[in-house]
2 protein chains.
Amino acid sequence: MNEFELIDLVLSTLGETVTGDAIVLGPGDDAAAVQVPSGNLLVSSIDSLLSGVHFPADAAPELIGYRALMVSLSDLAAMGATASHVLVSLTLDAADPEWVRGLALGMREAALSAGVKIAGGNISRGSVAIHVSVHGYAPQATLLRRAGASAGDTVYVTGMLGGAAAALAAGRLDVAPAQLDPLSERYFKPTARLAEGVALRGHASSAMDVSDGLLQDLGHLSSASQVMISIDSALIPVFPGASIDQALNGGDDYELLFTAAAPPPELGVRVTRIGEVRAGSGVLLDKAPVTASGYLHF
Amino acid sequence: MNEFELIDLVLSTLGETVTGDAIVLGPGDDAAAVQVPSGNLLVSSIDSLLSGVHFPADAAPELIGYRALMVSLSDLAAMGATASHVLVSLTLDAADPEWVRGLALGMREAALSAGVKIAGGNISRGSVAIHVSVHGYAPQATLLRRAGASAGDTVYVTGMLGGAAAALAAGRLDVAPAQLDPLSERYFKPTARLAEGVALRGHASSAMDVSDGLLQDLGHLSSASQVMISIDSALIPVFPGASIDQALNGGDDYELLFTAAAPPPELGVRVTRIGEVRAGSGVLLDKAPVTASGYLHF
């Protein structure tokens, strides 16, 4: 199969997820064209998932594809943005139609679940990697940012942490899509907290997603907001089967971390108070300063 | 240097190209946020440039960075869109600050030249590659597309073709940024024909950029428009120092290929009539059917 045949295979597998709704022109031209709702900012991010770094090379392609889309969409959730469409740049080391079809099936499932379109992309030959740019909308006045936390705010996190790291540590990532257990599901099937991010507009003083690991991400939030963040390990919602260390440092959870001056509205998912914002800088865990130990690429 | 230090280096090198104008929120948060002009479609594409495939691994990083941005922006030009901002996903095999700074300098130069902002991105460790998503705007009524050519239209191309392929064939790509000759400049410093694409709104019946090679791209245009395209090799504007084969099959030119029912307006660059659109299918070169021989990844 040459790249054009691979693209045809991907498009036929993606089916209705490549067009419709706001997509005036989907894949097949030099660029996609999309109708934009008025009165909003365009919110955009680009993320990369490399084989052997961000996912195991031998994982099921359906799971890799699902996760790639959801992980990338999580950045929109962190801004309180809706999700409109994504573009996918795919590099493959071989033209393996079954693998590519599996990947596209997983992306299709994630796109349907998140309500986004896959409006364009490209395929080249190289080390296996998936780069996804994600696009959505948010009103400027209530855009969620990492900056904005104030002394006196409370720190919250959605869901439970550490499950993905526990799955990785337990070597449970070579599963078939139909055989996910609760831990491997946490790794491969994160849910971008898009509805929760939108619900937090006007309520959260700052927000981001937990991708690098809670402590490292708290460090980013405290730097951006120029505050101290103090959390209590006893309050951390640890995913069943995960350790407190995995919940604090594991990453890959894609839950929302946010601060608010008042209790947040009902989000439809578990929301846990894990600490508070103080004047100062850095992160305190059980009153002691911490140095984050999340994943570093270099 | 870890990835956060590398990101700081990139951002300080990019300087004023990461924010301002429509960019409400540039790099540093989970996503960028951008003001969108009303009454337009958002036009978006994603492109990939892999070391050893799309550019020589030992090329000067300034040139790689410049070319990566311009090549990607060319897809917006092909749609008749303006260019607003780009996102860059970068994978590096080592944290080499000098190389990364050079790459960012080249991207900065291209961004200033094209009038776009580099609103976000990310860095991971992997095989060297640059993935760029590009975003701009165009009114729906005059969006340029590959579909739309009609029998009787004339086929045009901007600029001259084959120079980039001639540079590649002549092994002239290991040059320093200050020592470009006309051929290597054609390879490393293409100009996205953005102003020309905008000027063709309402005039061109179909358009695309010449990236894979003229004959292969004519094949895409004829398929999308469901027409036959007949060109005359004697009319092709061959870049000085290039062969007719390089002009026909070489790719990497990033000129605009378009059809129009009437002579186009003055574009400020050379525009050459190279053939005509007929009823039927496929591409004729000097009256003989051709099979495209552009670059295939697989």
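Per DSSP H run of at least 4 residues, take -39500 (n - 2.57); add these up for the protein assembly as shown, divide by its residues and hand me the 222 nm value, nearest 500 deg cm²/dmol. Spell out each step's value before the answer.
Values: 16 runs with 172 residues, N = 596.
Roughly -8500 deg cm²/dmol at 222 nm, from the helical runs in the protein assembly as shown.
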Starting from a label point 7 Å past Cα on the Cβ side, list the distances from B:ALA57 to the same position in the other copies, nm, shortest first.
1.6
Out of A:ARG146, A:ARG273, A:ARG108, any idea which swings most in a Gaussian network model of chain A, alpha carbons joined below 10 Å?
A:ARG273
With +1 assigned to the C-beta of every Lys and Arg and -1 to the C-beta of every Asp and Glu, and no other charges, what is the dipole magnitude of segment A:145-289 about the Cα centre in debye, to the nearest 20?
320
Could you pull out every residue, at least 5 positions away or on a different chain, whose amide H is within less than 5 Å of the one on A:VAL36? Hs are placed 1.01 Å off N in the peptide plane, and Pro or chain starts have none.
B:LEU42
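State the antiparallel share, in %, of DSSP beta bridges confined to segment A:3-141, rounding to the nearest 5.
On the way: 20 of 30 bridges.
Antiparallel bridges make up about 65 percent of those DSSP assigns within segment A:3-141.
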Distant-in-sequence amide H partners of A:ARG278 (H built 1.01 Å from N, under 5 Å):
A:GLY152, A:MET228, A:ILE229, A:SER230
Taking +1 at the Cβ of each Lys and Arg and -1 at the Cβ of each Asp and Glu, which of A:ALA169, A:VAL198, A:LEU221 sits farthest along the dipole of segment A:165-228 towards its positive end, judged by Cα position relative to the Cα centre?
A:VAL198
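Using a ≥ b ≥ c from the Cα gyration tensor of chain B (square roots of the eigenvalues), is it rounded, prolate or oblate, where a/c under 1.5 gives rounded and otherwise the larger of a/b and b/c decides, a/b for prolate?
On the way: a/c = 2.25, a/b = 1.45, b/c = 1.55.
Oblate, because a/c is 1.5 or more while a/b does not exceed b/c.
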Note, segment A:261-266: 3J(HN,Hα) by Karplus (6.51, -1.76, 1.60, θ = phi - 60°), whole Hz, Gly/Pro = x, goes 7, 10, x, x, x, 4
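Using a ≥ b ≥ c from the Cα gyration tensor of segment A:52-182 (square roots of the eigenvalues), is it rounded, prolate or oblate, where a/c under 1.5 gives rounded and otherwise the larger of a/b and b/c decides, a/b for prolate? Walk me through the numbers before you get to the answer.
Working: a/c = 2.30, a/b = 1.42, b/c = 1.62.
The shape class here is oblate.
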Calculate the spin-label point distance for B:ARG125 paired with B:ARG273, positioning each point 7 Å from the Cα along the beta-carbon direction, and give it in nanometres.
6.0
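Quick one: order B:VAL116, B:VAL24, A:VAL128 by neighbouring beta-carbon count within 10 Å, fewest to most.
Details: B:VAL116 25, B:VAL24 16, A:VAL128 21.
So the residues, fewest neighbours to most, are B:VAL24, A:VAL128, B:VAL116.
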Once amide H atoms are built 1.01 Å from N in the peptide plane, which residues 5 or more positions from A:PHE298, or in another chain, come under 5 Å H to H?
B:GLU3
Using Cα positions and a limit of under 12 Å, work out the aspartates and glutamates in reach of A:LYS287, with same-chain residues fewer than 8 apart set aside.
A:ASP232, A:GLU276
For segment B:166-181, 3J(HN,Hα) per residue [Karplus equation, 6.51 cos²θ - 1.76 cosθ + 1.60, θ = phi - 60°, Hz, x = Gly/Pro]:
5, 4, 4, 5, 7, x, 9, 9, 9, 9, 7, x, 7, 10, 5, 9
For chain B, with +1 on Lys and Arg beta carbons and -1 on Asp and Glu, the positive-most of B:SER44, B:ALA33, B:GLY65 along the dipole
B:SER44
Between A:SER38 and A:ASP174, what is the spin-label point distance in nm, taking each point 7 Å from the Cα along the Cα→C-beta axis?
5.8
The alpha-carbon center of segment A:115-147 and that of segment B:250-279 are separated, in whole Å, by 33
If I model a spin label at A:ILE244 and A:GLU185 as a point 7 Å from the Cα along the Cα→Cβ vector, what separation in nanometres do I get?
2.7
Cα shape, the protein assembly as shown, gyration tensor, a/c 1.5 rule
prolate
Determine ³J(HN,Hα), in whole Hz, for all residues of segment A:118-128 in sequence, where each value follows from phi through the Karplus function 6.51 cos²θ - 1.76 cosθ + 1.60 and θ = phi - 60°; x replaces Gly and Pro.
9, 7, x, x, 7, 10, 10, 9, x, 4, 4
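A short reminder: the numbers here are calculations on the coordinates, not readings from a lab. These numbers come from a predicted model, not from an experiment. Backbone-built Cβ (ideal geometry, glycine too); neighbour counts: all protein chains shown.
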